[in-house]
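One structure is given below, encoded as structure tokens.
The values are calculated or read from the model by the stated rules, or taken from the named source; none is laboratory data. Predicted model only: the values in this text are computed from it and were never measured. Here the Cβ positions follow ideal geometry from the backbone for every residue, glycine too, while neighbour counts run over all protein chains shown. To get the accessible areas, we keep the full protein, side chains included, count just its heavy atoms, and leave off ligands, DNA and RNA. Shrake-Rupley method; radii C 1.70, N 1.55, O 1.52, S 1.80 Å.
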Amino acid sequence: MEYKIGVISGDGIGPEIVAEAKKVLDQVAAKFGHTFLYENILMGGCSIDATGEPLTEEAIAAAKASDAVLMGSIGGNPSTSPWYQLPPDKRPEAGLLRLRKELNLFANLRPAYLYAELREACPLREDIIGDGFDMMILRELTGGLYFGDRKTEEKDGILTATDTLTYNEHEIRRIARRGFDIARKRRKKVTSVDKANVLDSSRLWRKVVEEVAKDYPDVAYEHMLVDNCAMQLVKDPKQFDVILTENMFGDILSDEASMVTGSIGMLASASLNETKFGLYEPSGGSAPDIAGKGIANPIATILSAAMMLRYSFDLDQEAASVETAVKEVLKAGYRTIDIMPQEEAKRRDVTQIRTAQMGDLICGYI
């Protein structure tokens, strides 16, 4: 089979980790007889430098013409980068927000899985970790506070900023259905996270989720306030199967979940629309402080590519081969610096490696 993949390498460590994901995809193609055609797409700071815009119309068209899009990371250091001296709608992240909207990528999937080989990197106590945890955080991606009206104005001589959080029942219903569908393929439990004790948007969220749940009698569900969920993620993460939540809550909770697994460099991510199309990216940022040093962890990007094989291309066997290879490399004791805690540094069965070496090893196991 032949597939066209739009590639957004982006900024910071983006080009380094995307290069390893492409290397792994090429290995999959060679083994299983597929052809992956790549088209480079500019977005983020590199696009600002080249075109003056974080995302051009040409880039949007190229993304839409692809079967899926693989992305690295965008942005830089807000304190030092000239990109953040620009108006908000001209900064790197504005390009990503627009791309999500243009492609109607309303469902963000972020798996948080604790590999047995990385138990030492988990910051939680052994009695909390137990036999590990495996959750999927499903975040609504095109509504809520990030896409509401916003303004900063002077009122009575005082600068006042306003951000508007808006959801309609259609937006909530479609993400809820996706969440219950995913739960059916997992352990059949949905935890819907909101702030219904304070926010009208959350009260509507809860109402619509309860309506959707009636169509899924085989799936257990519960409501949980977002502050409680943040606590429960570090108190008892194994209780969760699918966490269903809105845009800002999902943004925060998924980063918290990533650190519970040991490193944000291990967390893949998929953003899907109502078809098979998706944007696949690691959950972490551009890490400009380590860009170009060859020490970034490419596993999250490689696992994102595996999600692309599964969700957009229906290549389950190929996706499983990548996921198994990652487990085998970790089992063999290879680590990038972010998943190699200090106490492991003296262990003879653990070897610290660089970005490209990790990609090579995963290809070898495939």
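Find the residue count for region 17-59, including only residues that are over 29 Å from ALA325 (Cβ atoms), of a type in the set (A, V, I, L, M) and either in contact with a Lys or Arg (Cβ under 8 Å, 6 or more places away or on another chain) or modelled with pLDDT under 95 (or both).
Residues that pass the stated criteria total 2.
Can we say LYS293 is in contact (Cβ under 8 Å) with a residue 24 or more places away in the chain, of a type in the set (Lys, Arg) and open to solvent by 20 Å² or more (accessible area, probe 1.4 Å)? Break it down into steps so the answer makes sense when it comes.
Numbers: in contact (Cβ under 8 Å) with a residue 24 or more places away in the chain: no; of a type in the set (Lys, Arg): yes; open to solvent by 20 Å² or more (accessible area, probe 1.4 Å): yes.
When the stated conditions are applied, LYS293 does not pass them.
Looking at the structure I just gave you, is ALA161 over 24 Å from ASN104 (Cβ atoms), part of a loop (DSSP other than H, G, I, E, B) and among the small types (Gly, Ala, Ser)? Quick ask: steps written out before the conclusion?
Values: over 24 Å from ASN104 (Cβ atoms): yes; part of a loop (DSSP other than H, G, I, E, B): no; among the small types (Gly, Ala, Ser): yes.
The answer is no for ALA161.
Pairs please, first residue from region 193-206 and over 17 Å from ARG177 (Cα atoms), second anywhere and in a helix (DSSP H, G or I) and at pLDDT 95 or above, Cβ atoms under 8 Å, 6+ apart in sequence or on different chains.
Partner pairs satisfying both residue conditions: LYS195/SER202; LYS195/VAL226; LYS195/ASP227; LYS195/PHE249; ALA196/SER202; ALA196/ARG203; ALA196/TRP205; ALA196/ARG206.
Within region 27-50, which residues are part of a helix (DSSP H, G or I) and either without any contact (Cβ under 8 Å) to a residue 60 or more places away in the chain or farther than 19 Å from GLU318 by Cα (or both)?
As a first pass, look at region 27-50 and keep what is part of a helix (DSSP H, G or I): 27-32, 45-50.
Within region 27-50, ALA29, ALA30, GLY45, CYS46, SER47, ILE48, ASP49, ALA50 meet the criteria.
Suppose we filter LEU103, LEU97, LEU86 for residues that are open to solvent by less than 70 Å² (accessible area, probe 1.4 Å) and in contact (Cβ under 8 Å) with a residue 60 or more places away in the chain; which single one remains?
From the options LEU103, LEU97, LEU86, the qualifying one is LEU103.
Test of understanding: among PRO217, PRO237, which residue is crowded, with 21+ Cβ neighbours inside 10 Å, at pLDDT 95 or above and either more than 25 Å from LEU105 (Cα to Cα) or in contact with a Pro (Cβ under 7 Å, 6 or more places away or on another chain) (or both)?
Going through PRO217, PRO237 in turn, the sole match is PRO237.
Among the residues of region 252-259, is there at least one that is under 10 Å from the mean Cα position of the chain (by Cα), farther than 16 Å from GLY179 by Cα and surrounded by fewer than 21 Cβ atoms within 10 Å (Cβ to Cβ)? Steps first, answer last, please.
Residues of region 252-259 under 10 Å from the mean Cα position of the chain (by Cα): 254-255, 258.
From what's left, farther than 16 Å from GLY179 by Cα: 255, 258.
Those still in the list that are surrounded by fewer than 21 Cβ atoms within 10 Å (Cβ to Cβ) too: 255.
Checked region 252-259: at least one residue is under 10 Å from the mean Cα position of the chain (by Cα), farther than 16 Å from GLY179 by Cα and surrounded by fewer than 21 Cβ atoms within 10 Å (Cβ to Cβ).
Under 7 Å between Cβ atoms, which residue pairs at least 6 apart in sequence (or on different chains) link something in region 221-249 that is more than 14 Å from ALA112 (Cβ to Cβ) with a partner that is of a type in the set (Phe, Trp, Tyr)?
Sorted first by the residue in region 221-249, then by its partner, the pairs are VAL226/PHE249; GLU246/TYR167; GLU246/TRP205; ASN247/TYR146; MET248/TYR146.
Please enumerate the residues belonging to region 190-208 that are under 14 Å from THR245 (Cα atoms) and open to solvent by 50 Å² or more (accessible area, probe 1.4 Å). Full working, then the answer.
Pass one, region 190-208, residues under 14 Å from THR245 (Cα atoms): 190-196, 199, 201-208.
Matches in region 190-208: LEU199, ARG203, LEU204, ARG206, LYS207.
For region 51-155, which strands (runs of 3 or more DSSP E) that fit wholly inside it have 1 or more residues that are acidic (Asp, Glu) and within 22 Å of ASN297 (Cα to Cα)? Explain how you work it out, then say what you get.
Details: elements: 68-73, 107-113, 134-140, 150-155.
It comes to 134-140.
Could you check region 166-189 and list, in sequence order, the residues that are buried (at least 21 other Cβ atoms within 10 Å of the Cβ) and of a type in the set (Ser, Thr, Tyr)?
Within region 166-189, TYR167 is the sole residue that qualifies.
Conditions (1) of a type outside the set (Asp, Glu); (2) within 30 Å of ASN168 (Cβ to Cβ), marked per residue:
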site: ALA107; (1), (2): yes, yes
site: PRO111; (1), (2): yes, yes
site: ALA116; (1), (2): yes, no
site: GLU126; (1), (2): no, no
site: TYR146; (1), (2): yes, yes
site: ARG150; (1), (2): yes, yes
site: GLU153; (1), (2): no, yes
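Would you pick out the residues in region 304-317 that are modelled with pLDDT of 95 or more and open to solvent by 20 Å² or more (accessible area, probe 1.4 Å)?
Within region 304-317, GLN317 is the sole residue that qualifies.
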